[in-house]
Amino acid sequence: MANILIVEDEEPINRLIRQNLALSGHVCDQLYDGKAAKERFASGASYDLIILDVMLPYIDGFSLMQYGGR
């Protein structure tokens, strides 16, 4: 199954997305702000899909697209 990164600052929404994807067998990493996502992208982590909120603390989702879109 897919390796998915969820970047959503609302914890209940983040958790709900992960739970539903996990039911389908996907592996999910969860982050809650733009700064953490930028650091994850810089580490070289690779994902099949990134679910990215646009209104995030520190760095918005639109700005993050330049770091995560490989």
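The values are calculated or read from the model by the stated rules, or taken from the named source; none is laboratory data. Because the structure is predicted, anything quoted here is derived from the model rather than measured. Backbone-built Cβ (ideal geometry, glycine too); neighbour counts: all protein chains shown. We work out accessible area using only protein heavy atoms, side chains counted, and drop any ligands, DNA or RNA first. Shrake-Rupley method; radii C 1.70, N 1.55, O 1.52, S 1.80 Å.
General observations
- Checklist (1) open to solvent by less than 60 Å² (accessible area, probe 1.4 Å); (2) at negative phi applied to Y67, failing item: (1)
- Among (1) in a loop (DSSP other than H, G, I, E, B); (2) of a type outside the set (D, E, K, R); (3) exposed (fewer than 12 other Cβ atoms within 10 Å of the Cβ) - the single one L56 does not satisfy: (3)
- Criterion applied to Q19, Q30 was being under 10 Å from the mean Cα position of the chain (by Cα), of a type in the set (S, T, N, Q) and modelled with pLDDT of 95 or more, and the one residue passing it is Q30.
- If you go through segment 36-66 and keep only what is aromatic (F, W, Y) and more than 12 Å from the chain's Cα centre (by Cα), you end up with Y58, F62.
- Residue within segment 39-46 that is in contact (Cβ under 8 Å) with a residue 40 or more places away in the chain, touching a helix residue (DSSP H, G or I) at 6+ places or on another chain (Cβ under 9 Å) and hydrophobic (A, V, I, L, M, F, W, C) present: no
- Per-region count, segment 11-41, residues open to solvent by less than 90 Å² (accessible area, probe 1.4 Å) and either acidic (D, E) or in a helix (DSSP H, G or I) (or both): 17
- Leading residue by the ranking (most open to solvent (accessible area, probe 1.4 Å)) among those in segment 1-10 that are closer than 17 Å to F62 by Cβ and of a type outside the set (A, V, I, L, M, F, W, C): D9
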